[in-house]
Amino acid sequence: MKQKTLKRKLMVRLILLMSFPVFLAAQGPLDGYLKGKGVLDLVPSFSFNRADKFFGPDNQVYEEPYRGQLFSLFTAYGLTRRIDLVGTAAVVFNPLQSGLQDGGLFLKYRPMYKTLGQAGKLGILLGSGAMFPISHYEPVSTGALGQRAVSVPVKGIVQWETPLGPFVNITYGYHFRVDKLSDEDINRIQLERPDYQPIEPGNFSTFLVKIGLPTAHFYADAWYEIQQTRTGSDYVPDLPDLAQSFRVSYTQIGGTVYYSDSGKSGFFLSGGYILGGRNVNQIQRITVGVVFKVNTRKQL
């Protein structure tokens, strides 16, 4: 009985960690602003994550505590006035497995930025890229940030900047899962569960609404996000399965505050909280970080 309980807890923790890449990207590597040609942002941050409950299918809730930390590096560079190159990387720290794991590389393009007279400005941005493993970590180990999954997001962003300063951002994304379940992992599950029939990872969609206020030295926002995955398997206690193919859906809220004395560099505090979902932990996250801005054109 103790062994079954341990396996159950290990599986649930793995699902929690698999959700980190999407969870931490809720603000997005693809937001509604561009850096400007030659401007480089370097943003290291550290997150404190905890969860006490796990949401299964059919409104099932399990008591599953988790504590862990995450170091992330976000970089963005203005290739042109309309195009940004964005990169991300993450290192996970917890008692089960620590080390460099998943990252991402993206392009963001703004085809339209129109002045609406007294109504402010309206910008439309398009973005895509890939999330992928950046080390050969063991994907079936508990404590893994993901399972060496590869996804390709395609996002459309509409941002209205009001004359008084506040903005409203609406972002829709469709994420293609291009990774496949490995024969080795499938065979391992079938040794314990001979009737196991693998389900390949399903594509998923995201919808984000964000409101915020930027000023010369201060920035604040609040957001609400939904993720929906329509295909995949579900977590069942004490039943061996591959979390890589789980159907993960959730709703979450969060926000960010940022301060810069010089207007070039500053620090921020952000947080997020998953309200509910399917095959996901009720994650609470607090992140602290620093933003370093460099105008490379002035350095030449």
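The values are calculated or read from the model by the stated rules, or taken from the named source; none is laboratory data. Source: prediction; values computed, not measured. Glycine also receives a Cβ, built like all others from the backbone with ideal geometry; neighbour counts cover every protein chain displayed. The protein model used for the area step is the full one, side chains on, heavy atoms only, and it has no ligands, DNA or RNA in it. Shrake-Rupley method; radii C 1.70, N 1.55, O 1.52, S 1.80 Å.
Miscellaneous remarks
- Condition met for E138 (acidic (D, E) and modelled with pLDDT of 95 or more): no
- All of Q190, Q197 fail the test of being loosely packed, with under 14 Cβ neighbours inside 10 Å, without any contact (Cβ under 8 Å) to a residue 24 or more places away in the chain and either polar (S, T, N, Q) or in a strand (DSSP E or B) (or both), apart from Q197.
- Residue under evaluation W160, criteria (1) open to solvent by 80 Å² or more (accessible area, probe 1.4 Å); (2) closer than 19 Å to L34 by Cβ; (3) assigned to a loop (DSSP other than H, G, I, E, B), criterion not met: (3)
- Per-region count, the stretch 141-171, residues in contact with an Asp or Glu (Cβ under 6 Å, 6 or more places away or on another chain) and at pLDDT below 95: 4
- One residue stands out among those in the stretch 257-300 that are among the polar types (S, T, N, Q) and open to solvent by less than 20 Å² (accessible area, probe 1.4 Å): the one that is farthest from F48 (Cα to Cα), which is S260.
- Residues in the stretch 208-233 that are within 20 Å of V168 (Cβ to Cβ) and open to solvent by 80 Å² or more (accessible area, probe 1.4 Å): I211, F218, Y224.
- Residue among G173, G165 that alone is within 21 Å of the chain's Cα centre (by Cα) and not aliphatic (A, V, I, L, M): G173
- Yes/no for D241 being buried (at least 16 other Cβ atoms within 10 Å of the Cβ) and not in a strand (DSSP E or B): yes
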